[in-house]
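So the structure is just underneath, and the comments pick up after that.
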Amino acid sequence: MRKLALLVAAAAAFGLWPFAGRFGLVTGSIALLGLGVLLALAASATIDGLAAAGGALGALSAAIVGNTSPAAAGAALVALAYAERTTRVKAGTARLVHVGGALVAGALAGTITAAYGSGSPSIRVVAALVAAVLAALPLFVEADDPVAYALDGLAEDAGEEAGAALREGAALRRHVDERLLDAAAAREVRASWKALVRLGEARARLERARVGGKGARADAPTAVARRVDQRIGAHVEALRRAYLLADTAHAAEASEDVRALEVVEATGEKLEATSEALISS
């Protein structure tokens, strides 16, 4: 679903890019800005300030150099749209591949868009789709999950107890399969993940206030911190239990499906009977 959203956003960005100038300076600039931000949010698969800023900067860069170098404009648009995702690519070599792939894919997408942007509607649609596929190529470089990455970062500043719970939550997030949850459960689980991130942010702020405070100034943050630690642990445990129950239900459902087993057993019996008939003949 996230990859489909990126393809749609990229197709819209590169498909409408050649027509932005027809809307006037102000309207066209706003349209390019919106398309750039939309592309960046789709590339990051999360609503993030860094992603939005990267998309806006990419759209600005594309608008500046678009008339002189479509390749440079496309490279800037795609590379900056992936800026937030690049920070979540852990290995140094993989990060370089991610950035380089975004630059090359964006340059090719920009060149194709400029070359065929004035063609017939069907040609423009095909060009936009090809550009969208090219813009999605950096997704082949694995990046950390946005929520897991955020939890790991917050764990560094949240104190020992909360930090351990946040790291457990990050590890859980990396290994769960969201597809096992039904629609209602998925909504509740997403809300719990968001609440866990907010609690982690609050706990990190409290830890900084506690370390910087003295005497009575530090007592109140410390008391609140204990309660926040309990809430963080409770959220992680509830999430673990929800995914465990979903896994259990899925396994139980799979074990009830014996049709394939019956077909195989019946086939085996037929083959055995055929073999015996051939031997006895």
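Listing for the model above:
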{"read-out": "Rough spin-label spacing in nm, given labels placed 7 Å along Cα→Cβ, for Leu245 and Ile30", "value": "4.7 nm"}
{"read-out": "Estimated distance in nm for a label pair at Ile123 and Leu50, the labels positioned 7 Å out from Cα along Cα-to-Cβ", "value": "4.2 nm"}
{"read-out": "Global geometry of segment 146-259, whether rounded, prolate or oblate, following the gyration tensor of its Cα atoms and the 1.5 cut on a/c", "value": "prolate"}
{"read-out": "Selection from Ala132, Ala56, Phe19, by position along the positive dipole direction of segment 14-138 (Cβ)", "value": "Ala132"}
{"read-out": "Two-decimal Rg to Rh for segment 67-201 - Kirkwood Rh, Cα set", "value": "1.13"}
{"read-out": "Residue-span extension gain [Thr93 to Arg174] - 0.36 nm each, minus C-alpha spacing", "value": "27.0 nm"}
{"read-out": "Estimated FRET transfer efficiency when R0 is 30 angstrom, pair Leu4-Ala266 (beta carbons, to 0.05)", "value": "0.15"}
{"read-out": "Length-normalised contact order for the chain - Cα pairs under 8 Å, 6+ apart - percent", "value": "14 percent"}
{"read-out": "The chain: most fluctuating residue of Ala40, Ala150, Ala81 per GNM, C-alpha cutoff 10 Å", "value": "Ala150"}
{"read-out": "Ile279 paired with Glu188, simple spin-label distance in nm, labels 7 Å along Cα-to-beta-carbon", "value": "5.7 nm"}
{"read-out": "Gaussian network model of the chain, springs between alpha carbon atoms under 10 Å - residue of Ala127, Ala254, Ala165 with greatest fluctuation", "value": "Ala254"}
{"read-out": "Most fluctuating residue given options Glu160, Glu142, Glu201, as computed from a GNM of the chain linking Cα atoms under 10 Å", "value": "Glu160"}
{"read-out": "Segment 146-259: relative contact order in percent, alpha carbon pairs under 8 Å with at least 6 residues between", "value": "31 percent"}
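Bear in mind these aren't lab numbers, they're just calculated from the coordinates by the rules spelled out. This one's a predicted model, so the numbers in the text were calculated from it and none came from an experiment. Glycine also receives a Cβ, built like all others from the backbone with ideal geometry; neighbour counts cover every protein chain displayed.
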